[in-house]
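Asks: Below is one structure. I have some questions about it.
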Amino acid sequence: MHNATPGAGARGALTPGTLALVLGVLLVQLSFLLSYIGSFHAPDPQGIPIAAVAPQKAADRLDRLPGDPLSVTVVEDERTARERIRERKAEGAYLMNPRGSRDTLLVASGAGGPQAQALRKVGERVAADQGRQLKVVDVAPSGEQDHESLTAFYLIVGWLVGGYLLASLMGVLAGTRPARPGLAGLRLAGAAGYAVLSGLGGAIIVDPVLHALPGHFVALWWVGALLVFGTAACTLALEAFLGVVGIGVAVLIFVVLGNPSAGGAFQQHLIPSFWRAIGDWIPTGAGTTAVRNIVYFSGNALGTPLLVLGGWALAGVVLLLVGSLRRRERGLTLPL
């Protein structure tokens, strides 16, 4: 007859490894709160790049407004200003009318509704201070079924979740570290097939099903496939080096840091400098920018976002293969 010592089960459960995992989860949770609340609690325009059709002195006044909400580049005419917005070199434009009392502000809500609203508030304050009227024109409006241009962000988040959940499931079912490069290659092949289907599914949902981002089906499909594969590959690589802790690191990168800095709910020039600095270099932000540029800006300025997504995918592949080689080398024994 086996007599269990009271409390032995509890002591067995509270191992140093278990306590370390609990502490890790707590740190991820607190990081989540700090990152989201820190980036979103007080949105404030900072250095929003705009074009200005105005005399240099007037443009300088715009550039030196209290709080530095704008970063102004003087251009020749309205056509040039519109081109800069379309090419993603400016987020808006202020057109001063020298022959009348009403100026024009160009905004692009397709790049994000809150940013367009912030530009409008700044422009209206400038016009009121000078005793002038202001006409606001949205030159790249978000779609009727895409409120505040949020669909791109949530589409990217959905794809990202699928990518790291797939990698997490592979780690749980088959072990976090592939025993050899061939098995790592099989995991990558599985992730690639899943990514193609995931990208396809997301494109179907936002285009023919919900009509939220219509007319760009193929481009969205392949952006989604690249994003999902890169997320899965990076998570697999982190698992290969860190074990189950790698899943937490993936969540830290893609969700805790990636979501608030992506320019989804609040665009990058409305959030604090730390999140603004990292947003373009994390797949969440790069993917959100890529989708918006495809849908609302004729596919302009896609080079950097696609390079970022491709870079993460390549890094994940290389690191996973290296991780599998490291395990193989550790398992080698000398012949006796």
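Asks: Any idea which of 197, 173, 186 is assigned by TED's automatic domain parsing to the domain that holds residue 232, under 15 Å from residue 227 (Cα atoms), surrounded by fewer than 17 Cβ atoms within 10 Å (Cβ to Cβ) and aliphatic (A, V, I, L, M)?
Replies: 197
Asks: Still on this structure, please answer the following. Looking only at the range 148-176, count every residue that is over 13 Å from the mean Cα position of the chain (by Cα) and under 19 Å from residue 287 (Cβ atoms) and tell me the total.
Replies: Result for the range 148-176: 8.
Asks: Does residue 172 qualify as being modelled with pLDDT of 95 or more and either touching a Lys or Arg at 6+ places or on another chain (Cβ under 7 Å) or not charged (D, E, K, R) (or both)?
Replies: The answer is no for residue 172.
Asks: Which one of these is in contact (Cβ under 8 Å) with a residue 24 or more places away in the chain and more than 30 Å from residue 97 (Cβ to Cβ): 109, 149, 198, 142?
Replies: After ruling out the rest, the residue left standing is 198.
Asks: OK, next. I'm checking my understanding of the structure. Among residues of the range 38-65 that are surrounded by fewer than 19 Cβ atoms within 10 Å (Cβ to Cβ) and not in a loop (DSSP other than H, G, I, E, B), which one is nearest to the chain's Cα centre (by Cα)?
Replies: My answer is 40.
One line per residue, one yes/no per condition, for (1) farther than 22 Å from residue 264 by Cβ; (2) in contact with a His (Cβ under 6 Å, 6 or more places away or on another chain); (3) surrounded by fewer than 17 Cβ atoms within 10 Å (Cβ to Cβ):
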site	(1), (2), (3)
67	yes, no, yes
75	yes, no, no
88	no, no, no
140	no, no, no
145	no, yes, yes
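Asks: Might you check whether a residue that is in contact with a helix residue (DSSP H, G or I) (Cβ under 6 Å, 6 or more places away or on another chain) and touching a residue at least 12 places away in the same chain (Cβ under 8 Å) occurs anywhere in the range 127-137?
Replies: Here is the first cut: in the range 127-137, the residues in contact with a helix residue (DSSP H, G or I) (Cβ under 6 Å, 6 or more places away or on another chain) are 134, 136.
Checking the rest, the ones that are also touching a residue at least 12 places away in the same chain (Cβ under 8 Å) come to 134, 136.
Scanning the range 127-137 turns up at least one residue that is in contact with a helix residue (DSSP H, G or I) (Cβ under 6 Å, 6 or more places away or on another chain) and touching a residue at least 12 places away in the same chain (Cβ under 8 Å).
The values are calculated or read from the model by the stated rules, or taken from the named source; none is laboratory data. The structure presented is a predicted model; accordingly, all values stated were derived computationally and were not measured. Positions of Cβ are backbone-derived with ideal geometry, glycine not excepted, and every protein chain shown enters the neighbour counts.
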